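Asker: Below is one structure. I have some questions about it.
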């Protein structure tokens, strides 16, 4: 999460004075673990050049903390007190209650371990208190501070999305998910758990938590738990009246596991009486010491962040010296409100020519295509939208029709520019080097238009600009970017096309709602470009975008259109071989189990392995059942049990058959006879491409043992 040097305000200077517009204490508590692990897993590996020390988590933590501090300063009700809360160690008082608590959590990644103490140092360098307490989890500290500030009449914001903290939400306590820019209150808690915040502990006690190894009640999930708590009022009443429950299995589970459920409640209940490691008054917001912050960032070699902080007006350079002047940047664009009722629907060549003239005059145009399919290789063009300035956008319908394939009934709806004539008019402008074209996920639109003989150029892509600026810190779809940077929620597709079985193709949407939806896309895209493009300069990322990302859409669009040739007959042979071998494995599994069962059913596999054969699994599912996932079966197979190995081999062949040999034949385009995968440019945190519909980057080799009775050689069924 980054902030432009041009518009980032300085760090908070002093606690806001007590006034009539809010409580005396407004405390922000940052769940530091959430920041650390999010930063570590979202960003590619990063090391300090001087000695190779891993600093990826430190870098991400500092960027997220800096962004939060900037955003807090901009709020009218900015916090008066602030702290980062850390876990001190893995062993807490809960391990004394239940020795298996969190017992199955894997150790922290090797590259992350040396960064833990440095992240604490980072918080202090930014002037933020780092709190922790032996024997207690960070969640307990957060609970204790939140309860005391709330009871004293103050307000608390918990910066986290952790579900375990949602039990604290109330009138004066809320949560903030900075990744989604979402404030979590009682309504959001109810959406997640189906109960009010004061009943969250009861629901968690029933459904347990496989991540923390909280046992709960076997077979009871969140929905069932919420249903029971809402019906009986609270957990104690439910357990006392469990004999009244009509469902036999559910009733017996609650009776048999009552003590385990009560123990689970103790494990998930946060301790509001946890001792406070620092008085609340000591957590008052204060500016960082410029020399300390500068020295830390230099030590970690985070010089880009140091420049941004210095350029924003905060003295972050060493020895207290003033920061060097910020590079010149364009003045922020003042965005007008988005009004979707004012867009034009272009139905005549004269009107289309007028919009094309506007694009030439402006030298820039945002555009978007509407199609009848998500696959660019097979999509038919339904319409094109253009935007030449903020609020000035149009939609050009080209292929709308009724669901029966006939023209619209109303005479006014009959008017659409013939597709060939519209393309002939649009092509010169879309290919004109003097008109810059802006799109969101330009690769898709370029691929669609290339099938109509249009080679769009030059191109700017707001999705890729966002990806370069903020990488894995959030998604880069238009709706999310619009909410993040424009504070605007675009019209959802389901609003115009419906949902589920009732959802219709965009070509069947009436022109008035289609115009509002499609033209808004172009309008939002142009506004995003105006907001994001200047940051590439101020944040020193223009070269990365221009040389690495910007050229890619045209290349990948051509690759997608060309497709991959497959040999359908060879794939069918392989699929048949897999079917034969799967049948053999199924008979072998039935023989080992002593009875027939469904090899594709985790429930039936669990009954055979754990109920009938007496094997033991140390891993539980979210529903409280013993796990039958691949890692568990591998572990059991390594212990010398034959059936788990047979099940693994069967699953491997089933995956090959269903996901590849059968699916690749089905995915072949009837028009070209080739497979046209879609390459995603902004979906990985490492900068690599990913492939989908179908995924051609993950085709595995034949499983060693499972394929022993299948064909002996494995020539590739696909070639370029």
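Asker: Checking a compactness column here: for segment 28-70, what do you get for Rg(Cα) / (2.2 N^0.38 Å), N being the number of residues?
Answerer: Working it through for segment 28-70, the quotient is 1.21.
Asker: Which label marks the calculated value of percent of Cα pairs over 44 Å apart, given the options (i) 51; (ii) 40; (iii) 28?
Answerer: (ii)
Asker: With both partners inside the chain, how many of the DSSP beta bridges are antiparallel, as a percent to the nearest 5?
Answerer: Of all bridge pairs located within the chain, approximately 50 percent are antiparallel.
Asker: How many angstrom separate the Cα center of segment 565-603 from the Cα center of segment 50-104?
Answerer: So the separation of the two Cα centres works out to 48 Å.
Asker: Continuing with the same structure: Rg to Rh for segment 340-562: what is it, with Cα atoms only and Rh by Kirkwood?
Answerer: 0.95
Asker: What value, in deg cm²/dmol to 500, does the helix sum -39500 (n - 2.57) over DSSP H runs of n ≥ 4 give at 222 nm once divided by the residues of the chain?
Answerer: It comes out at -12000 deg cm²/dmol, rounded to the nearest 500.
Asker: Report relative contact order for segment 115-204 in percent, whole number only (criteria: Cα-Cα under 8 Å, sequence separation at least 6).
Answerer: Relative contact order comes out at 17 percent.
Asker: Here's a follow-up. Before anything else, pin down the relative contact order of the chain: Cα pairs under 8 Å, at least 6 apart, normalised by residue count, whole percent.
Answerer: Relative contact order, the chain: 12 percent.
Asker: Next question. Whole Å is fine, so just give me how far the alpha carbon centre of segment 171-189 lies from that of segment 230-301.
Answerer: Their Cα centres are 16 Å away from one another.
Asker: Moving on to the next point. Any idea what % of Cα-Cα pairs in segment 47-88 are farther than 14 Å?
Answerer: 65 percent
Any read-out appearing in this document is the output of simple, stated calculations on the displayed coordinates, not a laboratory observation. Values in this document were obtained by computation on a predicted structure and should not be read as measured data.
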